[in-house]
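**Student:** Quick one: the structure is below, and I'll ask about it shortly.
The values are calculated or read from the model by the stated rules, or taken from the named source; none is laboratory data. As the structure is a prediction and not an experimental result, all values here were calculated from the model. In this analysis, Cβ positions are derived from the backbone assuming ideal geometry, glycine residues included, and neighbour counts consider all displayed protein chains. Remember, those area values only see protein heavy atoms, side chains included, never the ligands or the DNA or RNA. Shrake-Rupley method; radii C 1.70, N 1.55, O 1.52, S 1.80 Å.
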Amino acid sequence: MTLPLTVAAFFIAWEVLVRLFEVKSFILPTPSAVIVKVFQDFVSGGILVHLWVTLTEVVIGFLLAAAAGIVLGSGIALVGFLNRTLYPFILAIQTVPKIALAPLFLIWFGYGIQSKILTAAMIAFFPILVNVISGIRTIDPRRILLMRSLNASFIEIFLKARLPSMLPQLFAGLEVGIIFAVIGAIVGEFIGASTGLGSLIVQRQASVDVAGVFSVLVYLSFMGIGLNLILRLLTRRFAFWQRSGEGK
């Protein structure tokens, strides 16, 4: 009950202080004004179009990042040649601020959805990659030796030993990656887009509709929380032993 009471107290204080000091709405609107705007956006249905565009960019970008992270991470962790050659190159790219590359994607792939998907994928990729590598390398070597003594193939060892050991860290990376994918999509929309929640924020900022900007942030928060909850449910389904261990 502590968190709901804290949140309620915060919004009440916000409402009271804004009204008490007569803060202009174009500087900081009251929570009640934001709630009204959220409701108006929902009733009009216009924001749902933008929400769907951003959600599509985030999900596709995240899936691309997850696929690339799992494949490359497994290869780097298991193949010494890739670890020596490819991983340093990826680390070098990681040092470059990915947000600074978003304008290049806009030039190369245009103002359509493709550039936003690639920006989201690029930003979400690295935490997934690192967690996959770490998860594969932390497996108990005795499990591998036991399976090899039973004449298990490389694929059997990967599927029955390495993959289950990797799953908890993989899902931890995915939970971080999905939030990064949201950031990437919004950044791409800030730079150049006609639809999407990021584009709508820019439009409302230009018209000094601060309550409208807060409304978009509310929808954006709900989207991020919803995607994170889906990943947590998948974690409980496919890496349940990790959650069980944490609860002890």
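**Student:** Report, ordered by the first and then the second residue, all pairs with beta carbons closer than 6 Å, sequence separation of six or more or different chains, a first member in region 182-193 that is part of a helix (DSSP H, G or I) and hydrophobic (A, V, I, L, M, F, W, C), and a second member that is at pLDDT below 90 and open to solvent by less than 10 Å² (accessible area, probe 1.4 Å).
**Tutor:** These pairs meet every condition: Val187/Ala102; Ile191/Ala102.
**Student:** Could you tell me which of the residues Gly173, Gly196 is of a type outside the set (Lys, Arg), surrounded by 21 or more Cβ atoms within 10 Å (Cβ to Cβ) and farther than 30 Å from Phe26 by Cβ? Explain how you work it out, then say what you get.
**Tutor:** Details: Gly196 fails: farther than 30 Å from Phe26 by Cβ.
Result of the check over Gly173, Gly196: Gly173.
**Student:** Let me ask something else about it. Looking for something under 30 Å from Arg162 (Cα atoms), open to solvent by 50 Å² or more (accessible area, probe 1.4 Å) and of a type in the set (Gly, Ala, Ser) - is there at least one such residue anywhere in region 50-69?
**Tutor:** Within region 50-69, one or more residues are under 30 Å from Arg162 (Cα atoms), open to solvent by 50 Å² or more (accessible area, probe 1.4 Å) and of a type in the set (Gly, Ala, Ser).
Yes or no, residue by residue, for (1) within 30 Å of Ile113 (Cα to Cα); (2) at pLDDT below 90; (3) of a type outside the set (Val, Ile, Thr):
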residue: Thr6; (1), (2), (3): no, yes, no
residue: Glu22; (1), (2), (3): no, yes, yes
residue: Leu28; (1), (2), (3): no, yes, yes
residue: Asp41; (1), (2), (3): yes, no, yes
residue: Leu48; (1), (2), (3): yes, no, yes
residue: Val59; (1), (2), (3): yes, no, no
residue: Phe62; (1), (2), (3): yes, no, yes
residue: Ala68; (1), (2), (3): yes, no, yes
residue: Val79; (1), (2), (3): no, yes, no
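**Student:** Only one of these is under 19 Å from the mean Cα position of the chain (by Cα), open to solvent by 30 Å² or more (accessible area, probe 1.4 Å) and of a type outside the set (Ser, Thr, Tyr): Asn131, Asn151. Name it.
**Tutor:** Of the residues listed, the single one that is under 19 Å from the mean Cα position of the chain (by Cα), open to solvent by 30 Å² or more (accessible area, probe 1.4 Å) and of a type outside the set (Ser, Thr, Tyr) is Asn131.
**Student:** Between residues in region 151-170 that are aliphatic (A, V, I, L, M) and residues that are open to solvent by 80 Å² or more (accessible area, probe 1.4 Å), which pairs lie under 7 Å by C-beta distance while being six or more apart or on different chains?
**Tutor:** Here the result reads Ala161/Arg143; Leu167/Phe238, each pair linking region 151-170 to a residue that is open to solvent by 80 Å² or more (accessible area, probe 1.4 Å).
**Student:** When you go through Phe89, Phe105 one by one, which is the residue that is in a helix (DSSP H, G or I), modelled with pLDDT under 95 and touching a Leu at 6+ places or on another chain (Cβ under 8 Å)? Even if it seems obvious, please write down each step before you answer.
**Tutor:** Working: Phe89 fails: touching a Leu at 6+ places or on another chain (Cβ under 8 Å).
Going through Phe89, Phe105 in turn, the sole match is Phe105.
**Student:** Also, quick follow-up: For region 32-43, does any single residue satisfy the condition of being among the polar types (S, T, N, Q), open to solvent by less than 60 Å² (accessible area, probe 1.4 Å) and over 17 Å from Val130 (Cα atoms)?
**Tutor:** Among the residues of region 32-43, at least one is among the polar types (S, T, N, Q), open to solvent by less than 60 Å² (accessible area, probe 1.4 Å) and over 17 Å from Val130 (Cα atoms), which makes the answer yes.
**Student:** Give the residue that is most open to solvent (accessible area, probe 1.4 Å), with candidates limited to residues of region 88-125 that are more than 30 Å from Val49 (Cα to Cα) and either under 15 Å from the mean Cα position of the chain (by Cα) or touching a residue at least 12 places away in the same chain (Cβ under 8 Å) (or both).
**Tutor:** Looking at the filtered set, the residue picked out is Gln94.
**Student:** Could you list, in sequence order, the residues of region 12-60 that are basic (Lys, Arg) and outside any helix (DSSP H, G or I)?
**Tutor:** Matches in region 12-60: Lys24 only.
**Student:** While we're looking at this one, here's another question. Looking at region 134-148, which of the residues that are charged (D, E, K, R) and without any contact (Cβ under 8 Å) to a residue 40 or more places away in the chain is surrounded by the fewest Cβ atoms within 10 Å (Cβ to Cβ)?
**Tutor:** Arg142
**Student:** Mind listing whichever residues of region 71-86 are assigned to a helix (DSSP H, G or I) and farther than 13 Å from Phe126 by Cβ?
**Tutor:** To start, the set of residues in region 71-86 that are assigned to a helix (DSSP H, G or I) comprises 71-78, 80-86.
Within region 71-86, Val71, Ser74, Gly75, Ala77, Leu78, Gly80, Phe81, Leu82, Asn83, Arg84, Thr85, Leu86 meet the criteria.
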